[in-house]
Structure formats: structure tokens, C-alpha cells
1. For the range 1-65, how big is Rg over Rh, using alpha carbon atoms and the Kirkwood form of Rh?
2. So how do 50-56, 93-99 stack up, highest first, on mean other-Cβ count within 10 Å?
3. When ranked by the protection proxy of mean other Cβ atoms within 10 Å per residue, highest first, what sequence do the peptides 60-68, 34-42 form?
4. Just the Cα atoms of the range 93-176, one point each, no solvent: what log10 I(q)/I(0) does Debye give at q = 0.14, 0.17, 0.24 Å⁻¹?
5. When the convex hull of the C-alpha atoms of the chain is computed, what volume per residue in Å³ does it have?
6. Per DSSP H run of n ≥ 4, the term is -39500 (n - 2.57); total these for the chain, divide by its residue number, and report the mean residue ellipticity at 222 nm rounded to 500 deg cm²/dmol.
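Bear in mind these aren't lab numbers, they're just calculated from the coordinates by the rules spelled out. No experiment lies behind these values; they were computed from the predicted model shown. Cβ placement follows ideal geometry from the backbone for every residue including glycine, while neighbour counts extend to all protein chains displayed.
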Amino acid sequence: MSVGTTERAQDTRDRILDAACDLIASEGIDEVRIARVAQRAGASTALVHHYFSTREELLEQALMHSFDLAGEQRFGDDPATVGAPTERLAYVIRSCLPEPGVQEREWVLWVELWLRAVREPNFQPVAARLYARYRAWIEDVIRAGVEAGEFTAPDPGAVADHAMALLDGVGIRALLRDPTMSLTDARAFVADRIAAELGIDAATLP
């Protein structure tokens with residue numbers, strides 16, 4: 001297979017996965033059918049089956065595809081070399097909450113994955129891998145701040161766990177449009193508590 005053919009095949013596969021993610025986010029994972037994914041992607045059902053042998057494989061790969069794209073944007077840089085530790089921490093908080101647009105869609109997909117993993121144990125390893133990557137990213141950001149002398153954290157991993165719990169907790173309330181937890185409130189809530197744990201002033205988080 002030539003390089004051009006391989007690239008076209010990857011583009012087609014990605015287009016199908018993007019279509020599946022759109023449908024999962026808009027209608028829920030249980031409503032997604034291969035025929036509808038094919039229609040949205042501008043492909044035939046036979047072509048979808050060429051890349052994904054079953055509906056379950058398509059759904060799992062669609063979720064992984066979405067989170068891989070998010071990971072490339074968020075987790076790809078070495079936190080020790082990108083911005084000051086406080087700037088990086090502020091970026092973590094901002095990018096892990098359901099801001100309107102792409103991040104909100106990602107949050108809807110997260111919720112779908114949570115529900116799927118509860119109902120179907122074969123999705124649990126997928127969720128575990130994604131959470132492991134998420135945790136490692138936050139821990140690296142915190143560790144870089146400790147090494148730079150800006151943060152105080154005897155156990156960066158424990159702070160990362162705390163941060164994830166806070167972000168998930170207030171994030172779901174913001175996603176549900178809880179009138180007592182707007183996105184602005186959520187950002188401030190997480191920043192205040194993580195800043196206190198790291199021995200910095202929350203006002204230093206841009």
C-alpha cells in the first residue's frame with residue numbers, strides 16, 4: 001500500500017470516527033447505528049464495516065479517537081518547557097472544564113463513556129487508560145512546579161487525584177447548567193482549592 005493510499009485510508013477512518021463522535025454527543029451512544037454514522041460521514045455502510053467489524057468496535061474506537069485528539073492538544077507538551085508553572089496549571093483548570101464548543105462535546109462523550117463502562121465492563125479498561133493519561137498529565141504539571149520551586153507538594157500524584165476529583169465534580173454541575181455552579185464559579189472553585197494545596201495565591205493563576 002502506497003503512502004498516499006495509506007493517508008487516504010486514515011483520513012476516511014478518521015472521518016467515520018468523527019461522525020460517530022458527533023452522533024454520540026448529540027443523541028447518546030445507545031442511539032448510534034452504523035447506517036447513521038455512514039450517512040453522516042458520507043460513506044457506505046460497507047465502507048464503515050471495512051474499518052470496524054462491529055458496532056461496539058466502532059463506538060469504542062470513536063471514544064478513543066476523541067480523547068486521543070484532546071490528548072494531543074493538551075497532554076503533548078512537556079510541562080517543564082511550556083510556560084510558567086502557574087500558567088500551565090491555569091491552562092489545566094480551564095481546559096478540563098466544559099467550555100462551550102469542543103470541550104463541552106468532549107465532556108458529553110466522557111459522560112457517555114462513564115455510563116457505558118458501568119453497564120459494560122469491557123469499556124472499563126478504556127476508561128482506565130484515559131484516566132491514567134489524564135492523571136499523568138496533571139501530575140507532571142504539578143511536579144514541574146515543585147521542581148521550579150513555585151509549588152509545595154510532597155505528593156504530586158495525590159494533588160493530581162484531588163484536582164481530578166474537583167474538576168469532575170464541578171464540571172458535571174456546570175455541564176448540567178446548575179444555576180449555583182457556572183463555569184466561572186467552577187474555575188474559581190478549583191483554582192482556590194488547588195492553589196491552597198500547593199501553597200500559592202489563587203490570584204496568581206491567570
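1. Taking Rg over the Kirkwood Rh, I get 0.97.
2. So the peptides 50-56, 93-99, ranked by packing, come out 93-99, 50-56.
3. 60-68, 34-42
4. Log-scaled intensity ratios, in q order: -0.55, -0.77, -1.18.
5. 139 Å³
6. -24000 deg cm²/dmol
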